[in-house]
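I have placed the structure first, in the form of structure tokens, so that the comments after it can refer back to it.
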Amino acid sequence: MKKILVPTDFSENARWAVGYAAHLGDALGAQIDVLHTQTVTTPTGVYGQASEFVERKLRSDMADLIRWMEALTHPELNPHPRIVTSHPEDAILELSREYDLVIMGTRGQSDVERWLFGSTTQAVLGRLQKPLLAIPPSCRFVKPEKVVLALDEEGVQSVAQVASLVQLLRPFAAHIFVLHHDQGTDRTGLNGKLDEAFAGLSFSRHYDMGEEDLWEAIRSFTDHEKAQLITMIRRRRTGLERWFGRHETSRILNRTDRPLLIIPEHKPVDA
């Protein structure tokens, strides 16, 4: 992975995602671009003066954030600031075409920010054609040496489906725990495509036949294996809602205590 986009609202909790991205980009040798969006306004008079003040404040906040990122690793990281005037969701979806990975926080700091930034993450999730790495608050970067790939009954149907995961993990020599949750259908999630998809990587197959809630089963397995990252495939039909339902998607993003990588089922046309 060579280019990573990190949208931020400058909140304290969103900063965790920026910090995680700085360390990950440093480890991968990737370019990090930090994006902040502002809404379109045409102020005049005193409102125009206020708008100019807000503009200066945004650029000052961005400069402070870039210096903080460089201090976390080293100046050679050279993160790039991007401030655009657009709706956040539209900007992220449009600009993401230039990147290999998008990293976002699951929620902002205040109640308003939590609603705004959290809803943006969820809205982007349903339409993004690139992998999305969701970072919860207070989550520090740890090298992903153990990763859980949670599969539904459709499993891995092509190498392209998990190519981005392989690109992300290969520099860390990570072990992949492939977890297939039994939903009373079949076991195609544990199929021969895994051998081809994860060639050269360490991985193991696991089959969960428990009766507990699906997300809790994934969390329990992740905790037991002490994995640092959870990965899921977003199916084309209804995304994570296919497994969890619309409201459960929000619950996952807001309750996960470690990074959650969500990769699109199909290979992006511009990849």
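Read-outs: derived from the displayed coordinates by stated rules, not from any lab. Values in this document were obtained by computation on a predicted structure and should not be read as measured data.
Full extension of the chain segment joining R97 with R140 gains 12.8 nm, where the gain is 0.36 nm per residue of separation less the Cα-Cα distance. Straightening the chain between E225 and E76 buys 50.2 nm, computed as 0.36 nm per residue apart minus the Cα-Cα spacing.
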